[in-house]
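Below is one structure, written out as structure tokens; comments come after it.
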Amino acid sequence: MICVSVGRGRQRHVIAEHKHLVSQGAQLVELRLDYINGEVNLKRLLNDRPCPVVVTCRRQRDGGKYSGSEEQRVMLLRTAIAEGVEYVDVEEDVAGSIPRFGSTKRIISVHDFRKTPSDLEVIHRRICKLDPDIVKICTMANHPQDNLRMLRLTRQSEVPTIGLCMGDIGTPTRVLAGRFGAPFSYATFHHERALAPGQLSYQQMTDIYHYDQINSETEVYGVIADPIGHSLSPLIHNAAFHHLNLNKVYVPIRVPREDLAEFLDEAPQLGIRGLSVTIPHKEETVKKLTEADGAVRGIGATNTVLWDGDVTRGYNTDYRAAMESLERALSAKGQQGDPFRGKTALVLGAGGVGKAIAYGLIRREVKVVLTDAVAEHARELAKRFECRAVDWAVRHSVSPDLLLNCTPVGMHPNVDETPFDRHHLRPSMVVFDAVYNPENTLLIKEARSRNCQVVTGVEMFVRQACLQFELFTGQEGPAELMRDVIKRAIAAAKY
């Protein structure tokens with residue numbers, strides 16, 4: 001179950017949002033009294049309430065907005081109990097002065113907005129001595145391992161426990177709370193009005209993650225990156241899982257570089273069966289694999305990891321997706337026989353995607369020229385692949401048949417940038433851009449204006465995601481569904 005937090009300055013807005021949420025399927029709503037301006041009229045808020053509520057009045061030191069006296073705040077909470085609310089949330093230090101009464105259940109909570117303490121179990125035992133119906137511990141996640149400690153505590157507790165980590169690193173605890181036995185997780189009314197750091201909206205929890213369908217048997221997949229907020233992978237993979245009625249969920253996981261090795265060691269303990277891997281972890285993740293396919297060994301980068309017992313397998317679906325997309329584009333130009341034969345390619349960027357594409361093109365006997373804004377990166381990769389490298393400043397001196405942008409130049413929000421001047425684009429060229437948000441980057445627009453054949457980042461993204469989906473599930477990925485989901489998401493991001 002999801003508890004949706006409502007915090008508004010006017011009571012009529014609280015009542016309106018409460019009714020709206022119930023019309024959208026919400027079963028439990030948290031009324032944040034500390035957000036209300038002026039005197040709180042509990043009877044008005046509680047009479048004819050359309051669903052059960054949690055009443056909370058949070059002090060400023062606990063992340064709330066209440067600025068009145070502590071005596072008044074405690075009296076508000078006691079009054080809510082006397083009015084017969086379903087739940088009241090009280091902090092550990094005042095739990096003793098707010099006794100039980102009637103059928104109201106007590107949530108006793110602790111918040112730490114700086115860190116996730118090392119002694120979570122000690123804190124939990126201390127709260128359990130205060131006679132809670134539910135223990136709630138919310139802490140700031142500074143490392144992905146904090147999520148595992150919090151969810152493990154939730155699962156092992158005999159007293160119903162809600163353990164959540166705040167911040168973008170803590171997102172997995174919000175999505176996976178129910179899988180680990182929490183009575184409910186929390187969401188906000190709207191994604192732009194989060195009442196706690198990293199809080200997801202009710203719509204995100206239901207429409208993207210299908211939270212109420214997650215159970216102890218749900219298989220967990222995800223994407224690791226840093227930063228993570230831009231990733232659209234959770235949208236398309238969860239939509240595909242839901243479409244095929246698979247008991248799986250796909251979560252975004254922010255993993256800082258320094259935490260990668262430890263996270264990969266512990267990921268199976270979160271129930272994780274497989275991961276998509278993106279910037280900046282594609283190369284470093286290879287070091288943690290026990291098995292790797294030929295593409296990973298040749299490229300030195302992986303974008304997909306699967307766990308099977310003690311075996312950690314790595315794959316690279318970027319390579320296959322790029323080659324399939326380019327072959328289709330070349331065939332559309334009427335190429336006969338091997339469409340790659342005799343071609344010259346200029347690859348912009350020597351990162352994970354650049355490595356995958358250069359590797360694939362060289363295997364197809366394409367003459368590859370590499371360039372990168374960091375010249376040493378291009379030279380090192382060229383030495384490894386036995387091809388040519390040029391400095392970024394002279395990239396326009398190359399006259400390629402295939403131009404491939406594998407840099408983030410042109411990615412939202414920097415949509416007015418391009419990695420290659422339009423005056424050097426020729427109608428005979430195939431122009432590929434790995435950037436998928438927006439799909440029609442400035443490079444793609446200018447290539448079309450010069451009558452080039454183009455391959456957009458959306459095409460490659462969907463192809464590689466379908467290949468990942470097949471590795472995750474053994475089933476063919478629903479490409480058209482995935483393509484529709486990502487295009488709608490990109491369009492919505494413009495407004």
Which FRET efficiency value, to the nearest 0.05, do you get for residue 142 and residue 41 by plugging their Cβ-Cβ distance into 1/(1 + (r/R0)^6) with R0 = 51 Å?
0.80
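Using the Kirkwood radius over C-alpha pairs as Rh, can you work out the diffusion coefficient of the stretch 242-342 via Stokes-Einstein at 20 °C, viscosity 1.002 mPa s, in µm² per second? Walk me through the numbers on the way to the answer.
Values: Rh = 15.6 Å.
Calculated translational D: 137 µm²/s.
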Calculating semi-axes √(5λ) of the Cα gyration tensor in Å from this structure picks out, from (1) 50, 23, 19; (2) 48, 32, 18; (3) 38, 26, 23, entry (1)
The chain, dipole about Cα centre (Lys/Arg Cβ +1, Asp/Glu Cβ -1), debye to the nearest 20
840
Give me the one-decimal nm value for the distance between modelled label points at residue 207 and residue 481, 7 Å along each residue's Cα-to-Cβ direction.
1.7
Between residue 488 and residue 72, with labels modelled 7 Å along Cα→Cβ, what's the label distance in nm to one decimal, could you check?
4.7
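Expressed in nm to one decimal, what extension gain is obtained for the pair residue 327 and residue 367 from 0.36 nm per residue of sequence separation less their Cα-Cα distance? List each step's numbers first, then the result.
Numbers: separation 40, 0.36 × 40 = 14.40 nm, distance 1.56 nm.
Fully extending the segment from residue 327 to residue 367 adds 12.8 nm.
Distance cut-off 30 Å, Cα to Cα: go down the list 288/367; 65/487; 19/136 and report the pairs above it. Intermediate values should be presented prior to the final figure.
On the way: 288/367 32 Å; 65/487 39 Å; 19/136 26 Å.
Violating the 30 Å Cα-Cα cut-off are 288/367; 65/487.
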What is the distance, in nm, between label points placed 7 Å from the Cα along the Cα-to-Cβ direction at residue 287 and at residue 308?
2.6
How far, in nm, would the chain grow between residue 412 and residue 86 when pulled straight, counting 0.36 nm per residue and subtracting the alpha carbon separation?
112.9 nm
Note: residue 428 to residue 338 extended length (0.36 nm per residue) minus current alpha-carbon separation gives 30.7 nm
Principal axes first, then extents: for the Cα atoms of the stretch 39-80, list largest minus smallest coordinate on each axis, whole Å, largest first.
31, 18, 15
Between the Cα axis of helix 352-363 and the main Cα principal axis of the chain, the angle (0 to 90°, nearest 10) is 30
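FYI, it's all coordinate maths here, none of it is from the lab. Keep in mind it's a predicted model, so treat the numbers as computed, not measured. Glycine gets a Cβ as well: all are built from the backbone with ideal geometry, and neighbour counts include every protein chain shown.
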